[in-house]
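Input: a single structure, listed below in structure tokens.
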Amino acid sequence: NALTTANVTIPDGQTTAQVLVTAVTQNADVTIGAMLGMQVLDAHVRVVGAAELPSTVTLTPSDTAVLANGTVQFKVTLDVPAPVGGTSVGLSETPVHGAFPMNVGVAVNQVSQTFTYTNNGMTGDSTLTATLGASTSTATITVSTGVDHLVINEVEYDQMVNPDSTEFIEIYNPGASAVNLTGKQVLLVNGSGGAVYATIDLTGTLAAKGYLVIAGANVTVTLPATKLDPGWTMDEIQNGGPDGIALVDNTAHTLIDALSYEGAMTMIDLPGFAASVSLVEGVAATAKDDNQAGSMCRSPNGQDTDQADADWKLCATLTPGTANP
């Protein structure tokens, strides 16, 4: 008896008709049944009490990407319409990477309100939290580099001890969709003569924002990243300089990404390619992992401006399978 309704007649030539209901008393879940012959369908209605106040809030989208200095729209949604005077939802971010209102007001008789979040140029993930009383809802914000292809993201090719036994190459998918790795290869190129001295075939798929780490048994990879062990043990990646790494599509014979380290490698003949390619994007990277306690990494994480010297840094902290600092 929480609400009343009546039979509905669908006019000739029509396929639908509105079902009007009248609220009587507060009830969290009222079932309305529709019957036609042997078919029965149900709908659920919540009857909100005159004195009932919103008690929960939901923040959407729960996971989104934003360009550096870009904007994204969020929405706060209440469980019941706001009362006279509206309802205020508090907002906070950890760490603070953007500008947004400290409070969002939902107008009387409304259940939602949108607001704008603007990134302040900071990189890395952050968590935006909406709060209504004891109810909280969070959203993860990832700063997108705008890159839509796989990138070589981190390389550890020269350790402080000899022999080198913890070498790795990290591939990152900065895009919004999973990438099929069938036909993709990582080629290691020797700067002395320009020959490919190792080929690693990739398989499976790499999820959006996912990491694939090519490494031997001595390297621990942070889950949920994928590890590909080609049987490496020690001294697998050349470090005499210059040397290079190419990520290629071996089916289309196209260069997806490349890194030339400790010097510039241009006019390189890769197997199956119709013309020579350069492993240098713009100006060659000057940073190097030369007997250092760190790695070559893209910083900010995943950044690819086609200017290697701007994109690549020496990172003191190794992060196989996670974002670069």
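The values are calculated or read from the model by the stated rules, or taken from the named source; none is laboratory data. Everything quoted here is computed from the prediction, not taken from an experiment. Using ideal geometry, Cβ is built from the backbone for each residue, glycine included, and neighbour counts are taken over all protein chains shown.
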Next item on the list: Just need a number here: residues in the stretch 180-202 that are in a loop (DSSP other than H, G, I, E, B), of a type in the set (A, V, I, L, M, F, W, C) and under 17 Å from ILE237 (Cβ atoms).
Entry: 2
Notebook entry, point to check: Looking at the stretch 149-166, is at least one residue at pLDDT 95 or above and in contact with a Lys or Arg (Cβ under 6 Å, 6 or more places away or on another chain)?
Noted result: yes
Notebook entry, point to check: Residues of the stretch 1-58 being small (Gly, Ala, Ser), under 30 Å from THR138 (Cα atoms) and surrounded by 10 or more Cβ atoms within 10 Å (Cβ to Cβ), which ones?
Noted result: ALA28, ALA43, GLY49, SER55
Margin query: So, in the stretch 236-252, exactly how many residues are of a type in the set (A, V, I, L, M, F, W, C) and outside any loop (DSSP other than H, G, I, E, B)?
Written below: 4
Notebook entry, point to check: Out of all the residues in the stretch 86-102, is one or more more than 22 Å from THR140 (Cα to Cα) and either surrounded by fewer than 17 Cβ atoms within 10 Å (Cβ to Cβ) or at pLDDT 95 or above (or both)?
Noted result: yes
Checklist line | the stretch 122-133, subset buried (at least 19 other Cβ atoms within 10 Å of the Cβ) and under 13 Å from the mean Cα position of the chain (by Cα), residue nearest to ILE256 (Cα to Cα) | finding: THR123
Check: Within the stretch 301-325, how many residues turn out to be surrounded by fewer than 20 Cβ atoms within 10 Å (Cβ to Cβ), under 20 Å from ALA65 (Cα atoms) and either assigned by TED's automatic domain parsing to the domain that holds VAL221 or basic (Lys, Arg) (or both)?
Finding: 1
Notebook entry, point to check: Considering the stretch 167-192 alone, what residues qualify as being buried (at least 16 other Cβ atoms within 10 Å of the Cβ) and free of Cβ contacts under 8 Å to residues at least 60 places away in the same chain?
Noted result: ASN173, GLY175, VAL179, LEU181, LEU188, ASN190
Item checked: Count - residues of the stretch 203-235 that are over 22 Å from SER165 (Cβ atoms), part of a strand (DSSP E or B) and β-branched (Val, Ile, Thr) -> 1
Check: Is one or more of the residues making up the stretch 32-42 of a type in the set (Asp, Glu) and closer than 30 Å to SER299 by Cβ?
Finding: no
Checklist line | Selection count where residues are of a type in the set (A, V, I, L, M, F, W, C), surrounded by fewer than 16 Cβ atoms within 10 Å (Cβ to Cβ) and either touching a helix residue (DSSP H, G or I) at 6+ places or on another chain (Cβ under 8 Å) or touching a residue at least 12 places away in the same chain (Cβ under 8 Å) (or both), scope the stretch 139-166 | finding: 1
Checklist line | Residues located in the stretch 304-324, provided they are among the hydroxyl-bearing types (Ser, Thr, Tyr) and out of contact with any Cys (no Cβ under 8 Å at 6 or more places or on another chain) | finding: THR305, THR317, THR322
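Each row is one residue, and each column tells you yes or no for (1) surrounded by 15 or more Cβ atoms within 10 Å (Cβ to Cβ); (2) among the β-branched types (Val, Ile, Thr); (3) in contact (Cβ under 8 Å) with a residue 60 or more places away in the chain; (4) not assigned by TED's automatic domain parsing to the domain that holds ILE256.
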| position | (1), (2), (3), (4) |
| --- | --- |
| GLY105 | yes, no, no, yes |
| GLN110 | no, no, no, yes |
| PHE115 | yes, no, no, yes |
| ASN120 | no, no, no, yes |
| SER135 | yes, no, yes, yes |
Next item on the list: Looking for whichever is without any contact (Cβ under 8 Å) to a residue 60 or more places away in the chain and of a type in the set (A, V, I, L, M) here; the options are LEU247, LEU228, LEU223. Which one fits?
Entry: LEU228
